[in-house]
Amino acid sequence: MRRNLLKLIIPVFVLTFTSCGGKTEKGASDSRTISLELLKDKIAGGWAGKMVGVTYGAPTEFRAQGKTYEDSIKWIPADVKGSIWQDDIYVQLTFLMTMDQFGIDAPAKKFQELFAKAGYHLWHANVQGRKNYFDSIFPPQSGHPDYNLHADDIDFQIEADYIGFMCPGMPQTANKIADKIGHIMNYGDGVYGGVFVGALYSEAYFESDILKLIEKALLSIPAESDYYKIVNDIIILHKNYPTDWRAAWSELEAKWGSDHICGAGDSFNIDAKLNGAYIVMGLLYGDSDPLKTMEIATRCGQDSDCNPSNAMAVLGVVKGFSGLPQAYRVAVQAIGDSLFINTSYSFNKAVNQTMKYAKELSIQNGGSATDSELKIKVQVPQPFAIEVSFPKLVFDRHVSVFDKNGWEFKGKWTTYKQKNDQAKFSANAGDEAIFNFEGTGVSISGNWFKDCGKADIFVDGELKRTIDGYFGFSNQTHTNMNLYHITNLSQGKHTIKVVIKGEKRPEALAANLYLTNAIVFKTASKKNENYKYSFQK
């Protein structure tokens, strides 16, 4: 897997004084200077914006899938207290706590370890990254599409804020940190989502023009990526429909709305790039107004607490804490010393520690600090090498294990039923489940329980991997999860066979393996093939 950064092929910007309060000094060092007072104000603005935005959108999360959210949004600034319980914040604070304990340059595996052992609930790419740790699959493989069907999901995008916050005017430093952390749970567009929002924050310390800010952040991700393309589409749509975000949303949905692997086949879309586009839509159509920005990012739908949270955090850095509405500031200050659950961090501590790391990173990267200001060496971002998680892969169909059309079971399989969940399971060594399909990829789904054991996976007669369904690393129940998947098969008929080993890890309660369904994929001639034209500039 290529994760090296490409050499830059774009010219260096000519930097001048900006409206954000920092300044650029011309000369051999090419540095930018920001007062420590302003730096802290912007860091506080970023964290406060994250807290405000996530609570604004929280009641609407996934209430609008494939459509805009048109119901009333009832939010008051005092609701920001709900941020104390938000995974958008406490998960990334685990990474800050890792840095506190093991240093800025701790290896990726150490970040994965503390994140895996944190005990709080996780979902999608994050929970697969957690399970991969306990299955001895470490970064960057833990986020790789071969081991994580959620590689393009939103997870890293909503957890990368702290990276951009601690890298004022240092997008390339942010990129290097994002490369390490992002591949714990994501790959390709899933990583680019975190890289992009991190770059937005990094650039926002010295740039207040929203369009220029977005264009600068795009320099950190490859132009060949779908993430870059969808953000560029939003920029074009904003020019075409400068006052009508719903018209822009409709065209965006027609082109990109069904282009996702996780949740393929239904309207649920947690793909990083689509939700990232909603962040950009909120920023461009929000006209730098906090309430308008949050409302539009929220009404775009899907993961509609994460998206206004990121958008509002960008405005928080641009405006600084002092530039946010007074009611927002008062609400955040009222819980300034309250600990976010599952962490040792409060808002005030997050601001102070981010300030500490920002100074350290600046000095490490050629800058300097005095008692009153920070001098930051100018960095030009180098775009990541292109990574594509699932090239041209599209959903074809679901096939339940109770559908005899494709499934065959040999041995002593038993039916499991619990409320709305049902599966077939076995712990008998040698029992087989065989699925025949026609396509270019397949995912076999089942349950992750404490009484699960191991099985061998064969594809077209070849042993591919031994899997383990055990999950006892938190009190969270996981049903209908990906047990194994394979893509990039030749088009045609294939057979996948699951053979029970009757073996388990010592802590497992039994050696059962639960199967729920198969998801079949095919290869399209091109992505977004249902959309017949490109947006015109």
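Would you check if Leu393 is among the hydrophobic types (A, V, I, L, M, F, W, C) and touching a Phe, Trp or Tyr at 6+ places or on another chain (Cβ under 8 Å)? Before you say what the answer is, go through the steps one by one.
Values: among the hydrophobic types (A, V, I, L, M, F, W, C): yes; touching a Phe, Trp or Tyr at 6+ places or on another chain (Cβ under 8 Å): yes.
Yes.
Here is a yes/no grid of residues against (1) surrounded by fewer than 16 Cβ atoms within 10 Å (Cβ to Cβ); (2) modelled with pLDDT under 55; (3) under 30 Å from Arg299 (Cα atoms):
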position: Ala28; (1), (2), (3): yes, yes, no
position: Ile34; (1), (2), (3): no, no, no
position: Glu37; (1), (2), (3): yes, no, no
position: Ala58; (1), (2), (3): no, no, yes
| request: Identify the residue in segment 258-278 that is over 15 Å from the mean Cα position of the chain (by Cα) and acidic (Asp, Glu) and, among all such residues, is surrounded by the fewest Cβ atoms within 10 Å (Cβ to Cβ). | output: Asp266
| Of these, Ser362, Ser389, which one is crowded, with 17+ Cβ neighbours inside 10 Å, touching a residue at least 40 places away in the same chain (Cβ under 8 Å) and within 22 Å of the chain's Cα centre (by Cα)? | Ser389
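From the set of residues in segment 267-307 that are polar (S, T, N, Q) and at pLDDT 95 or above, which is farthest from Gly49 (Cα to Cα)? Let's see the steps before the verdict.
Kept after step one, since they are polar (S, T, N, Q), are these residues of segment 267-307: 267, 269, 275, 288, 293, 298, 302, 304, 307.
Of the ones still in play, those that are also at pLDDT 95 or above are 275, 288, 293, 298, 302, 304, 307.
On the way: Asn275: 18, Ser288: 13, Thr293: 11, Thr298: 14, Gln302: 20, Ser304: 15, Asn307: 12 Å.
Applying the filter and picking the extreme gives Gln302.
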| What is the one condition in (1) farther than 26 Å from Gly472 by Cα; (2) hydroxyl-bearing (Ser, Thr, Tyr); (3) in a helix (DSSP H, G or I) that Thr68 does not satisfy? | (3)
| field | Residues that are among the hydroxyl-bearing types (Ser, Thr, Tyr), within 18 Å of Val197 (Cβ to Cβ) and part of a helix (DSSP H, G or I), drawn from segment 224-262 | value | Tyr227, Tyr228
| request: Please state which one of Ser220, Ser267, Ser258, Ser225 is within 24 Å of Arg32 (Cβ to Cβ) and among the hydroxyl-bearing types (Ser, Thr, Tyr). | output: Ser220
| task | Kindly state which strands (runs of 3 or more DSSP E) lie completely within segment 430-475 and contain at least 3 residues that are over 25 Å from Leu509 (Cα atoms), of a type outside the set (Ser, Thr, Tyr) and more than 25 Å from the chain's Cα centre (by Cα). | result | 432-439, 462-468
| note | The lone condition Cys20 fails out of (1) crowded, with 17+ Cβ neighbours inside 10 Å; (2) closer than 26 Å to Val330 by Cβ; (3) modelled with pLDDT of 95 or more is (3)
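Anything in segment 476-493 that is assigned to a strand (DSSP E or B) and either under 29 Å from the mean Cα position of the chain (by Cα) or crowded, with 19+ Cβ neighbours inside 10 Å (or both)? List them, or say none. Even if it seems obvious, please write down each step before you answer.
Kept after step one, since they are assigned to a strand (DSSP E or B), are these residues of segment 476-493: 478-486, 492-493.
His478, Thr479, Asn480, Met481, Asn482, Leu483, Tyr484, His485, Ile486, listed by residue number.
The values are calculated or read from the model by the stated rules, or taken from the named source; none is laboratory data. Computed from a predicted structure; not experimentally measured. Cβ atoms come from the backbone with ideal geometry, glycine included; neighbour counts cover every protein chain shown.
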